[in-house]
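A short worksheet on the structure shown next.
Derivation of every value follows stated rules applied to the coordinates shown; laboratory data play no part. Worth saying up front: this structure is predicted, and the values here are computed from it rather than measured. So basically every Cβ, Gly included, is an ideal-geometry build from the backbone, and we count neighbours across all protein chains shown.
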Amino acid sequence: MKRIAVLTSGGDAPGMNAAVRAVVEQGAHHGIEVYGVYYGYKGLVEGDFRKLESKDTQHALKLGGTMLYSARFPEFAQADIQKQAFDQLKKADIDALVVIGGDGSFQGALALTKLGFPAIGIPGTIDNDIPGTEYTIGFDTAVSSALEAIDRISDTAASHNRTFVIEVMGRHAGDIAVWAGVAAGADAIVIPENAYEMEDIVHRVRQGRERGKDYSLIVLAEGVSNVDDFVEKYQALAAEQEVRGVSLSHIQRGGMPTSRDRVYATLMGARAVDCLREGKAGIYLGIQGEQLAEFDIIDTLSKAKHKLRQDLFILNRDLTQR
Ligand code: ATP
């Protein structure tokens, strides 16, 4: 194996650059040249490849976002477009590809592998919503950023005895809400996976106030409701409270990756190169029980479902319920 390409695809996530850097350095360690593909699968089809060296990735390691840029390119689901990418890779004398992204991006890696071009995935998404793996690159940073914002909000909430509803990212997965909510000591966490009663949340907050709490926090995943609608419905049942809503939005996507995101990204980037050298393809990497694990793209994505840490959700519910 002489040449590997690496791309980032789907939503950006802090730590993607650390994974790119590990691919570059592990490649160099084995005498393999590494090419960055710019703008995900779009760049692959257009042949937007540039050779990456240590100097290109050294600084990026600690930065959020993706130095390779990302793009949504739904056309890549078409067989003729995939063949164009295959031809571009062959023309550039590239032997294998590392794809850093979410499960949609892994489908592209699988399509190339089926065409006879080995490709392997690394889970990069702040949502932590990929089946099989317990962890995705970017999740830890997103939770830390959300938590920092919630802590700041709680300072002002306390000063005015307010109730704050804080909307965090997570259209289909409530992981960010659960982890940030538990860490912040939220009075209620509202996620797409679990049904909720507004009366129950109001009751829980009132009980907290009766126990002497200065303020109340409700962490809401975006997939459940828009924060303004939620606040309106909540306020209608809790006229005695001063309620405010805030959406943290893209703040959760940026920022320097945490040590955990960088370390796991580094482990996965290096392992991806090793796997390709061993002839493995059509798989993606992940974490199970704190250890690196490999997952077959077809098997895992078609059979497994992402598992939210329900134990943490229940813990938070119990701690705030009398
Ligand atoms: P996230 O949703 O976490 O941001 P993702 O990788 O799941 O990440 P998608 O928008 O689903 O994001 O996919 C990213 C890109 O992967 C798409 O724009 C497209 O180029 C490619 N892709 C998605 N689905 C397929 C598919 N079925 N076949 C081939 N390529 C695909």
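At a glance:
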read-out	value
Failed item in (1) under 20 Å from residue 112 (Cβ atoms); (2) in contact with a Gly (Cβ under 9 Å, 6 or more places away or on another chain); (3) buried (at least 16 other Cβ atoms within 10 Å of the Cβ), with residue 298 passing the rest	(3)
Qualifying strands (runs of 3 or more DSSP E) (wholly inside the range 126-229; at least 2 residues being farther than 28 Å from residue 65 by Cα)	163-168, 216-221
Meets criteria (in contact (Cβ under 8 Å) with a residue 24 or more places away in the chain, crowded, with 21+ Cβ neighbours inside 10 Å and closer than 17 Å to residue 316 by Cα) for residue 150	yes
The listed residue being surrounded by fewer than 18 Cβ atoms within 10 Å (Cβ to Cβ) and β-branched (Val, Ile, Thr), out of 125, 156	156
Members of the range 230-244 found to be part of a loop (DSSP other than H, G, I, E, B) and either under 28 Å from the mean Cα position of the chain (by Cα) or free of Cβ contacts under 8 Å to residues at least 12 places away in the same chain (or both), listed by number	239, 240
Residue match in the range 188-202 (condition: farther than 25 Å from residue 284 by Cα, surrounded by fewer than 24 Cβ atoms within 10 Å (Cβ to Cβ) and within 16 Å of the ligand (Cβ to nearest atom))	yes
Answer residue from the range 107-148, given it is of a type in the set (A, V, I, L, M, F, W, C) and under 14 Å from the mean Cα position of the chain (by Cα) and is farthest from residue 19 (Cα to Cα) among those	146
Residue check, residue 270 under 30 Å from residue 114 (Cβ atoms), under 20 Å from the mean Cα position of the chain (by Cα) and surrounded by 14 or more Cβ atoms within 10 Å (Cβ to Cβ)	yes
Tally, over the range 58-68, of residues that are within 16 Å of the ligand (Cβ to nearest atom) and loosely packed, with under 13 Cβ neighbours inside 10 Å	0
Residue list for the range 100-125, restricted to those being more than 8 Å from the ligand (Cβ to nearest atom), part of a loop (DSSP other than H, G, I, E, B) and in contact with a Ser or Thr (Cβ under 8 Å, 6 or more places away or on another chain)	none
Any hit, the range 198-208, residues being in contact with a Leu (Cβ under 7 Å, 6 or more places away or on another chain) and of a type outside the set (A, V, I, L, M, F, W, C)	yes
Count - residues of the range 75-99 that are within 20 Å of residue 20 (Cα to Cα) and near the ligand (Cβ under 9 Å from one of its atoms)	1
Residue selected from the range 126-147 under the condition among the aliphatic types (A, V, I, L, M) and within 13 Å of the ligand (Cβ to nearest atom), by the criterion nearest to residue 259 (Cα to Cα)	137
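Residue by residue, here is whether (1) among the aromatic types (Phe, Trp, Tyr); (2) more than 18 Å from residue 271 (Cα to Cα); (3) crowded, with 24+ Cβ neighbours inside 10 Å holds:
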site	(1), (2), (3)
40	no, yes, yes
45	no, yes, no
56	no, yes, no
70	no, yes, yes
73	yes, yes, no
81	no, yes, no
85	no, yes, yes
139	yes, yes, yes
